[in-house]
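See below for the structure under consideration.
The values are calculated or read from the model by the stated rules, or taken from the named source; none is laboratory data. All of these numbers come straight from a predicted model, not from anything done at the bench. Cβ placement follows ideal geometry from the backbone for every residue including glycine, while neighbour counts extend to all protein chains displayed. Accessible surface areas use protein heavy atoms only, side chains included; no ligands, DNA or RNA. Shrake-Rupley method; radii C 1.70, N 1.55, O 1.52, S 1.80 Å.
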Amino acid sequence: MSASKIPQVVLKSSSNQSNMPVIAFGTAAVTNNDGEITKVAVIEAIKSGYRHFDTASIYGSEEALGEAIEEALQLGLIGSRDELFITSKLWVTDNFPHLVLPALQKSLQTLKLEYLDLYLIHWPISVKPGNWELPYAEELITTFDLKGVWTSMEECQKLGLTKYIGVSNFTRKKLEDLLSFAIIPPSVNQVEMNPVWHQKKLKEYCEAKGIIITAFSPLGAKGASWGSNEVMDSEILKQIAEEHGKNIAQVCLRWLYEQGVTMAVKSYNKERMKQNMEIFDWSLAKDDHEKIDQIKQIRVNNGPVVFIPNLWDGET
């Protein structure tokens, strides 16, 4: 699929208006040694038509993504960096007002880029700075100064180091707190969302506030250390896929698209990369949506620490 055929959503802020492709190519590496594999996969993804790439400082994939972008430019696969939409994220050990700008500058240096398109607060918690083992022990959690951190995020946007700012893994309550003082509201909230974790109330809230949702783990992150087989092994989704002559992944991604959200999907398999984009020329039936509504709901990703008090505020 050509890049021009991937639908886009409009991101707005006080000074900018840009288009963000609804499908992002995820680069969360299994280990930090996946550099060459990630680089090759990103170049293949660009050839396949992907233009939105999702990374984070914790993924260990920023360097490989930067190298892939450099090579794609040299090969003429893209005319300029401006043709791409690059998202990265602030990790919890940098989640302090005075560390936001240095963390973003480090990400840009690693990516060899002058700016990001979107920079997200990865989780609404702060962990004492250091190279601790994951999952983090409870005693490493410290006070999260949301107002101070967000002010620093706003400063990064004003400096032109990122075009947009947003959040990830924020509940409605956390968003309400943020919107009560934000001068620049978050453009995006990236959260776990798939047919076994619908996030209906959060989706309604974000729609009302003009915040775009990006769904991570749209296929349940099967194979990841914290992932689940609940999505890909679902008999309901399997039946719907067979009826449409599609695979389960395509049904999940089409369902998300019909929910009006964007998505970050990871596959380094060349064929699946293409299949994951082949979701825009067919539709799910009303009956399909009703069946998906009946799927038992389960959250898979509970965060990067052993115990996070009040992370989810008892809600979605």
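Observations on the model:
- Over the chain: helical MRE at 222 nm, DSSP H runs n ≥ 4 each giving -39500 (n - 2.57), nearest 500: -10000 deg cm²/dmol
- Under 17 Å of direct C-alpha separation, and excluding same-chain neighbours fewer than eight residues apart, Lys266 reaches these lysines: Lys39, Lys47, Lys89, Lys222, Lys274.
- Fluctuation leader among Glu207, Glu243, Glu230 - the chain, Gaussian network, Cα springs under 10 angstrom: Glu243
- Of all the options Val261, Val251, Val40, the one that moves most in a Gaussian network model of the chain with Cα springs shorter than 10 angstrom is Val40.
- Hydrodynamic estimate: the Kirkwood radius of region 94-198 over Cα pairs, inserted into Stokes-Einstein at 10 °C and 1.306 mPa s, corresponds to D of 108 µm²/s.
- Using a probe of 1.4 angstrom and keeping all protein chains present, the accessible surface of region 27-125 works out to 38 square angstrom per residue.
- Between region 235-277 and region 40-77, the alpha-carbon center distance in angstrom: 22
- For Lys203, the aspartates and glutamates whose Cα falls under 12 Å of its own Cα, not counting residues fewer than eight places away in the same chain, are Glu192.
- With every protein chain in place, the chain: carbon and sulfur % of accessible area (1.4 Å): 48
- FRET efficiency, 1/(1 + (r/R0)^6) with R0 41 Å, evaluated for Ala208 and Thr142 via beta carbons: 0.80
- Matching label, Kirkwood radius over Cα pairs in Å computed from the structure shown, candidates [x] 23.0; [y] 20.6; [z] 19.8: [z]
- You can think of it this way: the chain between Glu176 and Asn269 has 29.6 nm of extra reach, that is 0.36 nm per residue less the Cα-Cα gap.
- Listed residues Leu108, Leu73, Leu219, most fluctuating in the chain (Gaussian network, C-alpha, under 10 Å): Leu73
- Beta bridge orientation in the chain: antiparallel %, DSSP, nearest 5: 20
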